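Comments concern the structure below.
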Amino acid sequence: MANPYSILNVRPEAGDEEIRRCYLEAVHRFPPEHCPEQFVSIRQAYETIKDEGARLEFLLFDASQGESIDELIEEERCRTTPKRAGLAALLSLLGETR
């Protein structure tokens, strides 16, 4: 899937309300009856980042490149690769809640 933030034309640090507003604007520009393929893409992007939990899941999966969270916590690989550097604290927090 393409980057959901670019599909919806929204900043990654945007909140729920801004993401919803950008989603509605995109649906208005590409209504399902006229642009079904674009609408499907917009809908998938919105489902991926529509709330904080979904955004977190997307960011974790994207950063882990498909590895399980347990593997990341055990190996603490997030501290050694640049792409995962920002997830160290988050992964340790997740480890504490398990």
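Looking at the stretch 69-84, is at least one residue within 15 Å of the chain's Cα centre (by Cα), modelled with pLDDT of 65 or more and in a helix (DSSP H, G or I)? Checking the stretch 69-84: not a single residue is within 15 Å of the chain's Cα centre (by Cα), modelled with pLDDT of 65 or more and in a helix (DSSP H, G or I). Of everything in the stretch 21-51 that is under 14 Å from the mean Cα position of the chain (by Cα) and basic (Lys, Arg), the residue that is farthest from ALA2 (Cα to Cα) is LYS50.
The residues of the stretch 44-68 that are modelled with pLDDT of 75 or more and surrounded by 15 or more Cβ atoms within 10 Å (Cβ to Cβ), listed by number, are ALA45, TYR46, THR48, ILE49, LYS50, ALA54, ARG55, PHE58, LEU59. May I ask you to verify whether ARG11 is among the basic types (Lys, Arg), modelled with pLDDT of 60 or more and assigned to a loop (DSSP other than H, G, I, E, B)? Taking the combined requirement at face value, the residue satisfies it. Looking across the stretch 8-48, the residues that are basic (Lys, Arg) and over 18 Å from PHE58 (Cα atoms) come down to ARG21, ARG29.
Figure legend. Inter-residue proximity from the stretch 1-20: first residues at negative phi, second residues assigned to a loop (DSSP other than H, G, I, E, B) and of a type in the set (A, V, I, L, M, F, W, C), beta-carbon distance below 6 Å, spacing 6+ or different chains. Indicated pairs: ILE19/VAL10.
The values are calculated or read from the model by the stated rules, or taken from the named source; none is laboratory data. This is a predicted model, so every value here is computed, not measured. Please note: Cβ atoms are built from the backbone with ideal geometry, for glycine as well, and neighbour counts cover all protein chains shown.
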